[in-house]
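The values are calculated or read from the model by the stated rules, or taken from the named source; none is laboratory data. Everything numeric here is computed off the predicted structure, so don't read it as measured data. Cβ atoms come from the backbone with ideal geometry, glycine included; neighbour counts cover every protein chain shown.
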Amino acid sequence: MINIHRRLAKENLRARMILQVHDELVFEAPEEELAALSTLVREEMSSAIKLDVPIKVDVPIKVDVGVGGELVGGALIEKIVAIEELN
């Protein structure tokens, strides 16, 4: 999750990880970043630890339409996106 945070900054994405509970990660992100965010999360979570067997990482996306309270670069994020890693 630390690597995800670092990559978000490095790749200049406005998406932010706002919550982690057990095996779920919740992000706030603009709609135009969903594809890049999904790829980034899948890459980082599937390579978090080296194992002899591959780790399967699902990245379902739930979009809640509304206005978020987070200011990113002075602009309100208009979509709240929860990307949950499920079992």
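Take region 1-26 and flag every residue that is β-branched (Val, Ile, Thr) and exposed (fewer than 12 other Cβ atoms within 10 Å of the Cβ). Before you say what the answer is, go through the steps one by one.
Filtering region 1-26 for residues β-branched (Val, Ile, Thr) gives 2, 4, 18, 21, 26.
Ile2, Val21 - these are the residues of region 1-26 that are β-branched (Val, Ile, Thr) and exposed (fewer than 12 other Cβ atoms within 10 Å of the Cβ).
Looking only at region 3-53, count how many residues are aliphatic (A, V, I, L, M), modelled with pLDDT under 90 and out of contact with any helix residue (DSSP H, G or I) (no Cβ under 9 Å at 6 or more places or on another chain).
Final tally of qualifying residues: 9.
What tally of residues in region 27-41 results from selecting those that are in contact (Cβ under 8 Å) with a residue 12 or more places away in the chain and either surrounded by fewer than 16 Cβ atoms within 10 Å (Cβ to Cβ) or aromatic (Phe, Trp, Tyr) (or both)? Break it down into steps so the answer makes sense when it comes.
Start the filter on region 27-41 by keeping residues that are in contact (Cβ under 8 Å) with a residue 12 or more places away in the chain, which leaves 27-31, 33-34, 36-38, 40-41.
Narrowing further to those that are either surrounded by fewer than 16 Cβ atoms within 10 Å (Cβ to Cβ) or aromatic (Phe, Trp, Tyr) (or both): 27, 31, 36.
Of the residues in region 27-41, 3 are in contact (Cβ under 8 Å) with a residue 12 or more places away in the chain and either surrounded by fewer than 16 Cβ atoms within 10 Å (Cβ to Cβ) or aromatic (Phe, Trp, Tyr) (or both).
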